[in-house]
Amino acid sequence: MKLELFNNEANKIWKRHATESVPDLLQLELDLYKKLLNFFQVGDYYYYIFNFQTMQFDLVSPGMETMLGYEPAAMTIGFFMSIIHPDDAPWLLSFEDKTSRFFAQLPPDKIMKYKNRYDYRMKKKDGTYIRVLHQASIAQMDENGGLMQTLGVHTDITHLKRDGKPVMSLIGMDGEPSYLDIDVKSSFIQSKEALSKREKEVLRLLIEGKVSKEIAEVLNISKQTVDTHRKNMIHKNKLINTGELVGKAVKEGWL
């Protein structure tokens with residue numbers, strides 16, 4: 001997804017429930033909050049306050065430099081979007097759209113009792129990618145229920161989840177129900193057929209544990225043709241061997 005389109009779509013979603021009021025700077029007990037975060041985070045993290053009216057960050061904690069290598073002052077919304085993995089950008093849009101629509105059907109007093117939680121990959125200053133767990137809840141609203149500011153935390157969970165597609169949950173607090181691993185379907189996520197019909201047939205038999213000779217007999221094709229399909233699937237999915245191919249296919253539900 002092109003960055004300009006990504007930015008435009010994200011702004012449309014976030015402005016959907018933004019307030020017209022001018023907010024005072026949110027007063028948080030940041031020292032206490034940092035101590036609580038140190039207790040409960042599972043990896044490096046940083047926190048931020050996002051302003052729905054200005055569509056910019058009011059605050060980004062110093063942990064961003066430790067985790068990603070960027071100075072907090074450099075973190076504009078445009079820069080933030082530019083370091084999200086291109087394959088995960090449509091997922092982020094879909095998750096934010098789902099959250100916005102969920103909030104739209106809640107009474108105002110319930111909105112602040114929910115946080116959204118999902119993961120995606122972000123590029124560090126050194127060019128490598130890490131997987132980030134995003135958690136955010138509404139921190140301030142106006143008297144009409146318009147959203148003013150959100151408080152978010154980004155945690156490095158690469159050691160817990162290196163592969164697999166992003167997943168989303170809406171977590172209820174103060175007795176509200178939670179919705180875990182929500183099935184998000186959206187026009188933002190483009191479906192792309194990674195494998196041909198014949199490749200899928202070969203892959204299905206590989207997953208069953210069959211070798212090339214056995215697959216050739218089942219499909220009534222030559223062993224050389226089977227090997228060619230295997231190599232093509234490995235190459236176009238940027239994998240190393242058949243084991244990685246089978247593992248990725250099972251994890252991401254290709255069949």
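For K98, the aspartates and glutamates whose Cα falls under 20 Å of its own Cα, not counting residues fewer than eight places away in the same chain, are E9, D87, D88, D109, D119, E176, D181, D183. Peptides 219-226, 90-97 ranked from most to least packed give 90-97, 219-226, packing being the mean of other C-beta atoms within 10 angstrom over each peptide's residues. Between D126 and L219, the simple label model (points 7 Å from Cα in the Cβ direction) yields a spacing of 4.0 nm. Separation of the alpha carbons by more than 26 angstrom is noted, of K15/K124; K124/K231; K197/K238; K124/K185; K110/K161, for K15/K124; K124/K231; K124/K185; K110/K161.
For L106 and V250, a Förster radius of 45 Å and the Cβ-Cβ distance give a FRET efficiency of 0.75, rounded to the nearest 0.05.
A 1.4 Å probe run over region 56-186, with the rest of the protein chains in place, finds 45 Å² accessible per residue. Loop-located GluC sites (Glu not before Pro) in region 130-219 (DSSP state not H, G, I, E or B) with no more than 12 neighbouring Cβ atoms inside 10 Å: E143, E193, E208. As a rough guide to protection, the peptides 116-123, 158-165, 173-180 ranked by mean Cβ packing within 10 Å, highest first, stand as 116-123, 158-165, 173-180.
Accessible area of region 113-255 with a 1.4 Å probe: how many percent of it is carbon plus sulfur? C and S atoms contribute 48 percent here.
The values are calculated or read from the model by the stated rules, or taken from the named source; none is laboratory data. Being a predicted model, the structure only gives us computed values, none of them experimental. All Cβ positions, even for glycine, are placed from backbone atoms using ideal geometry, and neighbour counts span all protein chains on display. The accessibility values were calculated without ligands, DNA or RNA, using every heavy atom of the protein model including side chains. Shrake-Rupley method; radii C 1.70, N 1.55, O 1.52, S 1.80 Å.
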